[in-house]
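Colleague: My structure is below; once you've seen it, I'll send some questions.
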Amino acid sequence: MLKPLLQGIAFMVTAATAQAAPIDLIIDSDPGADDVVALFLAMASPDELKIRAITTVAGNVRLEKTARNARLACEWAGRDDIPVYAGAGRPLVRKPIYAAEVHGEEGLTGVEVKEPKTPLAQGNAVQYLVDTLSAAKPHSITIAMLGPQTNLALALVQRPDIVKGIKQVVVMGGAHFNGGNITPAAEFNLYADPHAAEVVLASGVQLTYLPLDVTHKLLTSDARLKQLAAVNNQASKRVVDILNAYITHDMDLYGMPGGPVHDASVIAYLLKPELFSGRRIHMSIDSREGPTFGQTIADWYGVLKQPANVLWVQEGDAQGLFDLLSARLARLE
C-alpha cells in the first residue's frame, strides 16, 4: 500500500516540477515599438521564460536599427546577460520593405534612442539558430517569432534537421477575418517575407499564429495606459511613452478606440495561454505577385478538408493582457 502511495507522490512532484520548468526560449524580433513592449514582458518573467538569446531581423526598420533596439531593450530592462545576434538584412526573395511610417525612422518613437553599451554577440543569428537547435534536446526550444520569419527560414534551408530541436514556434503574424494592415489582404510580417513563412510552415514544426484577428481585440485604452503608468518606474514610463506615440497610427487608420500591442500578445500567450482561445486549422500563404501577396488563408471552417497545420488564435482577454503587463513591468526598474 505504501509503495504505490509513494510512487504517486513521486509522480505528482515530478509533474509539478516539469510544469514549473521555465520555457526554453529564443525570441526572433524586429524591434519596433510593440516588440520592445514584448521584450520587456519576456525579460521581466525569468521564472517562466529562460531567454537563451534574441535574434534580430530586418522588418519594421533596417537590421542595424532592429539589432540596436533589441540591445537597448535589454539595457533598459537590466538584462544585458541576454545575447543579441543580428541576422538577415533582407527577405529571401522579395524587395525589402519597412514600416517607418508606423514605428518611426529609428524604430521607436516617444523615447530617446541611443547606442547601447553592450555590443552584439559574435556571429550571425542564422548560424546561432543552426548551432543551438541542432544541439538541443528533441522538441525542447520554443521560438517567439515577432517579425518576418527570414532567420528561421534560412536556418531551416541550411539544416532542415534542426526542426527536431524545436518544441513550437509562436508567430505574431497573419490576418483572416480582420483583413490586413499593410495591404487589404496581408499583415506586415507575412507581407515582408511570405516565402520565409512558407519555408517555416512546410517544415512541419508545431506552429501557433496570433494574427491581427486577435491582436486587434487587445487594445489600449485611457484606463489601461493609466494602469501601466501607475506602476511608476522607468520601465513602465518607457512603455507608456512608446505606446502613446505608437498607437495613434492604428487608431487614426482604423477608427479604433485604442491601439493594438501586437507582439506582446505572443509573450502573454506563452506566460498565460488561458487568456487566449482558438482552434487548429489548415493555413496556407499566398506568395504570388498580386493583390493577395502575403495573405494568410486560414481555413477556419475546414472547407478544404486539409489536415490542420497551425493553431490559429482568434480570441484574447484584453484586460488580462494589460494586467499581466503591468504586474511584470513592476518587477523592472
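Colleague: How much of the pair distance distribution for region 63-103 lies past 15 Å, counting alpha-carbon pairs only, in percent? Please report the intermediate quantities before stating the final value.
Modeller: On the way: 431 of 820 pairs.
So the portion of pairs separated by more than 15 Å is 53 percent.
Colleague: Let me ask something additional. Once the other residues with Cβ under 9 Å from the Cβ of residue 45 are scored (Lys, Arg +1; Asp, Glu -1), what is the net sum?
Modeller: Summing Lys/Arg as +1 and Asp/Glu as -1 gives 0.
Colleague: Oh, and also: For residue 297, list long-range residues whose amide hydrogen, built 1.01 Å from N in the peptide plane, is under 5 Å from its own amide hydrogen.
Modeller: Answer set, sorted by chain and number: 284, 285, 286.
Colleague: Rolling a 1.4 Å sphere over the protein heavy atoms, what is the accessible area per residue of the chain, to the nearest Å²? The partial results should precede the final answer.
Modeller: Details: 14020 Å² over 333 residues.
Roughly 42 Å² per residue, with all protein chains present.
Colleague: To continue, here is another question. How charged is the neighbourhood of residue 277? Take every other residue with its Cβ under 10 Å from the Cβ of residue 277, and add Lys/Arg as +1 and Asp/Glu as -1.
Modeller: Values: positive: 279; negative: 274, 315, 317.
Once positives and negatives cancel, what remains is -2.
Colleague: Can you pull the Rg over Rh of region 186-243, Cα-only, Kirkwood? Display every interim value, and only then the final one.
Modeller: Working: Rg = 16.8 Å, Rh = 14.3 Å.
Dividing the radius of gyration by the Kirkwood radius yields 1.18.
Colleague: Grab the DSSP H runs of the chain that are 4 residues or longer, score each as -39,500 (n - 2.57), total them, divide by all residues and round the 222 nm result to the nearest 500 deg cm²/dmol. All intermediate terms of the calculation are to be shown ahead of the outcome.
Modeller: Values: 13 runs with 135 residues, N = 333.
That calculation yields -12000 deg cm²/dmol at 222 nm.
Colleague: May I have the pair-distance distribution P(r) for region 166-206, computed from all Cα-Cα distances with 10 Å bins from 0 and rounded to whole percent?
Modeller: All Cα pairs, binned at 10 Å, distribute as 30, 48, 21, 1 percent.
Colleague: What per residue convex hull volume, in Å³, comes out for region 44-175 when only alpha-carbon positions are used? Don't jump to the answer; show the numbers that get you there.
Modeller: Working: hull volume 17.2 nm³, N = 132.
Cα convex hull per residue, to the nearest whole number: 130 Å³.
Colleague: What net charge do the residues around residue 217 carry, taking every other residue with its C-beta under 11 Å from that of residue 217, with Lys and Arg at +1 and Asp and Glu at -1? It would help to have the intermediate numbers written out before the result.
Modeller: Numbers: positive: none; negative: 213, 315, 317.
Net charge around residue 217: -3.
Colleague: Sticking with this structure for a sec: What does the extension gain come out to for residue 48 and residue 117, with contour length at 0.36 nm per residue minus their alpha carbon separation?
Modeller: Values: separation 69, 0.36 × 69 = 24.84 nm, distance 2.70 nm.
Length gained between residue 48 and residue 117: 22.1 nm.
Colleague: For residue 289 and residue 64, FRET efficiency with R0 = 35 Å and r from the beta-carbon atoms, rounded to 0.05?
Modeller: Values: r = 29 Å, r/R0 = 0.82.
In this case the efficiency is close to 0.75.
Colleague: Nearest 0.05, what FRET efficiency do residue 206 and residue 232 give at R0 = 51 Å with Cβ-Cβ as r?
Modeller: Details: r = 39 Å, r/R0 = 0.77.
It comes to 0.80.
Colleague: Hey, any idea what the orientation-averaged projected area of the convex hull of region 110-181's Cα atoms comes to, in nm²?
Modeller: Directional mean of the projected Cα hull area for region 110-181 stands at 7.6 nm².
Colleague: Can you give the charge dipole size of the chain about its Cα centre, rounded to the nearest 20 debye, using +1 on the beta carbon of Lys and Arg and -1 on the beta carbon of Asp and Glu?
Modeller: Computed about the Cα centre, the dipole is about 840 debye.
Colleague: Let me ask something else about it. What figure in square angstrom, to the nearest 10, would you give for the accessible area of residue 324 with a 1.4 Å probe?
Modeller: 10
Colleague: Could you tell me, in Å, what Rg and Dmax come out for the Cα atoms of region 59-129?
Modeller: Just the Cα atoms of region 59-129 yield Rg and Dmax of 12.8, 37 Å.
Colleague: What figure in square angstrom, to the nearest 10, would you give for the accessible area of residue 52 with a 1.4 Å probe?
Modeller: It works out to around 90 Å².
Colleague: Also: Considering the convex hull of the alpha carbon atoms of region 127-228, report its projected area averaged over all viewing directions, in nm², one decimal. The partial results should precede the final answer.
Modeller: Details: hull surface 31.1 nm².
Result: a mean projected hull area of 7.8 nm².
Colleague: Taking Rh as the Kirkwood radius computed over C-alpha pairs, what is the Stokes-Einstein D of the chain at 37 °C in a medium of viscosity 0.692 mPa s, expressed in µm² per second? Working shown, then result.
Modeller: Numbers: Rh = 20.0 Å.
In µm²/s, the coefficient rounds to 164.
Colleague: Quantify, in whole percent, the carbon and sulfur part of the accessible surface of the chain (1.4 Å probe; protein heavy atoms only). Don't skip to the end; give the middle numbers.
Modeller: Values: 7810 of 14020 Å².
Carbon with sulfur: 56 percent of the solvent-accessible area.
Colleague: Sorted from largest down, what three extents in whole angstroms do the Cα atoms of region 213-297 have along their principal axes?
Modeller: 47, 31, 20 Å, listed from the longest principal axis down.
Colleague: In nm, give the distance between the simple-model label positions of residue 75 and residue 106, each being 7 Å from the Cα along the Cα-to-Cβ direction.
Modeller: In this crude label model, residue 75 to residue 106 measures out at 1.1 nm.
Colleague: Can I ask one more? Enumerate the helices in the chain for which the Kyte-Doolittle hydropathy averages 0.0 or more and the C-alpha atoms extend at least 20 Å along the helix's axis, using complete DSSP H runs.
Modeller: On the way: long enough: 2-20 (27 Å, 1.03); 234-254 (30 Å, -0.13).
Span-like helices here: 2-20.
Colleague: Would you tell me the accessible area of residue 143, worked out with a 1.4 angstrom probe on the heavy atoms of the protein chains, in Å² to the nearest 10?
Modeller: Ignoring ligands and nucleic acids, residue 143 comes out at about 0 Å².
Colleague: Relative contact order (percent) for region 78-176, with alpha-carbon contacts under 8 angstrom and 6 or more residues of separation?
Modeller: Numbers: 99 pairs, mean separation 29.8, N = 99.
Answer for region 78-176 is 30 percent.
Colleague: Find how much the distance from residue 158 to residue 183 grows on full extension, using 0.36 nm per residue of separation minus their present alpha carbon separation; answer in nm with one decimal.
Modeller: Working: separation 25, 0.36 × 25 = 9.00 nm, distance 3.11 nm.
Going from the current span to full extension adds 5.9 nm.
Colleague: Another question about this same structure. About the Cα centre of region 280-321, what is the dipole size in debye to 20, counting +1 per Lys and Arg Cβ and -1 per Asp and Glu Cβ, all else neutral?
Modeller: Details: 3 positive and 5 negative charges, 38 e Å.
Using Cβ point charges on Lys, Arg, Asp and Glu, region 280-321 gives about 180 debye.
The values are calculated or read from the model by the stated rules, or taken from the named source; none is laboratory data. Remember, it's a predicted structure, so these values are computed and weren't measured experimentally. Because the Cβ atoms are built from the backbone with ideal geometry, glycine has one as well, and the counts that use them run over all protein chains shown. Accessible surface areas use protein heavy atoms only, side chains included; no ligands, DNA or RNA. Shrake-Rupley method; radii C 1.70, N 1.55, O 1.52, S 1.80 Å.
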